Amino acid sequence: MADAPQPASGPPPVFIVMGVAGTGKTTVGSLLARRLGWRYADGDEFHPRSNVDKMAAGTPLTDEDRRPWLAAIARWVDERAALGEPGVVSCSGLRRVYRDRLRGGRPQVRLVLLEGTRELIVRRLAARHGHFMRVEMLDSQFADLELPRPDEDVTEVSVEPPPDEVVDAIFKEHPDVERLWRRPARGRIRRSARDHRSPRSLP
Ligand SMILES: Nc1ncnc2c1ncn2[C@@H]1O[C@H](COP(=O)(O)OP(=O)(O)OP(=O)(O)O)[C@@H](O)[C@H]1O
Ligand SMILES: O=C(O)[C@H](O)[C@@H](O)[C@H](O)[C@H](O)CO
């Protein structure tokens with residue numbers, strides 16, 4: 001991180017973008033990372049195959065199923081710190097115990113919860129194709145969701161506006177990241193033809 005001003009101490013920030021399936025974690029998380037020039041990792045990539053198969057078959061995950069997945073995401077956060085790099089990772093983070101596990105001993109973690117009504121998310125999931133997580137799973141996701149209490153210091157943002165505005169709302173609550181941690185437009189200069197395509201169509 002040669003050209004970003006370093007804060008007084010501690011590892012660079014890592015955002016964990018959370019929310020029930022279909023709230024836009026991938027869409028918003030990857031855009032947030034792109035606008036900051038940071039690395040993005042998708043929480044779905046950390047699931048063991050057995051979890052993906054289970055979700056695809058329409059069975060909600062249990063605490064036990066989620067344990068190795070959360071551990072793998074926590075490892076990614078720790079790797080960022082070891083490299084001295086910031087990052088963004090998505091993770092549903094539905095229950096408080098999961099959030100505590102992810103942020104425990106990691107002061108650089110900033111939790112962001114994406115929020116939308118069931119009706120809005122149903123509409124978006126119904127319009128999304130080719131994803132293992134189907135709209136039928138949404139009720140179980142809302143059932144597991146434990147809304148953060150004020151002591152958790154979670155940034156809650158509505159996903160009703162378009163993705164760019166959702167990211168603006170996150171920046172508004174974290175004004176230091178753009179000022180201190182935005183990386184030069186490396187991604188923009190080198191971005192591939194693929195990145196020039198418009199994002200997945202938004203309903
Ligand atoms: N702010 C937004 N406005 C309009 N459409 C959106 C917005 N955010 C996401 N979408 C659309 O909603 C759908 C779900 O978004 P996305 O796949 O990013 O959610 P997700 O939380 O990552 O889902 P999952 O947890 O199942 O992986 C996608 O089709 C996406 O294009
Ligand atoms: O916690 C969970 O129930 C799951 O991990 C899901 O939330 C998925 O990771 C994802 O959000 C679906 O695509």
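For the chain, what percent of Cα pairs sit more than 28 Å apart? Counting every Cα pair in the chain, those more than 28 Å apart make up 25 percent. Rounded to whole numbers, the Karplus 3J(HN,Hα) couplings from phi for segment 20-35 are 5, 3, x, 6, x, 4, 5, 4, 6, x, 5, 5, 4, 5, 4, 5 Hz, using 6.51 cos²θ - 1.76 cosθ + 1.60 with θ = phi - 60°, and x at Gly and Pro. Protection proxy ranking of 25-34, 65-74, by the mean of other Cβ atoms within 10 Å over each peptide's residues and highest first, is 25-34, 65-74.
Quick one: net charge of residue 159's neighbours, Cβ under 14 Å, K/R +1, D/E -1?
-2
Please give the calculated 222 nm ellipticity per residue for the chain, where each DSSP H segment of at least 4 residues contributes -39500 (n - 2.57) and the sum is spread over every residue; nearest 500 deg cm²/dmol?
Working: 8 runs with 82 residues, N = 203.
Helix contribution divided over all residues of the chain: -12000 deg cm²/dmol.
Once you keep just the Cα pairs under 8 angstrom separated by 6 or more residues, what percentage relative contact order results for segment 1-148? It would help to have the intermediate numbers written out before the result.
Values: 192 pairs, mean separation 61.6, N = 148.
Computed over segment 1-148, the figure is 42 percent.
Scanning residues 5 or more positions from residue 110 or on other chains, those with amide H under 5 Å from its amide H are 14, 15, 16, with H placed 1.01 Å from N in the peptide plane.
Each residue of segment 69-85 was assigned a 3J(HN,Hα) from its phi angle through the Karplus curve 6.51 cos²θ - 1.76 cosθ + 1.60 (θ = phi - 60°); the sequence is 5, 5, 5, 5, 5, 4, 5, 4, 4, 5, 5, 4, 4, 4, 7, x, 10 Hz, with glycine and proline shown as x. The residue list 74, 84, 112 was ranked by how far each Cα lies along the charge dipole of the chain toward its positive end, using unit charges on Cβ atoms, and 84 comes out on top.
None of the figures in this text is laboratory data; all of them are computed from the coordinates on show. No experiment lies behind these values; they were computed from the predicted model shown. Reconstructed Cβ throughout: ideal geometry from the backbone, glycine too, with neighbour counts over all protein chains shown.
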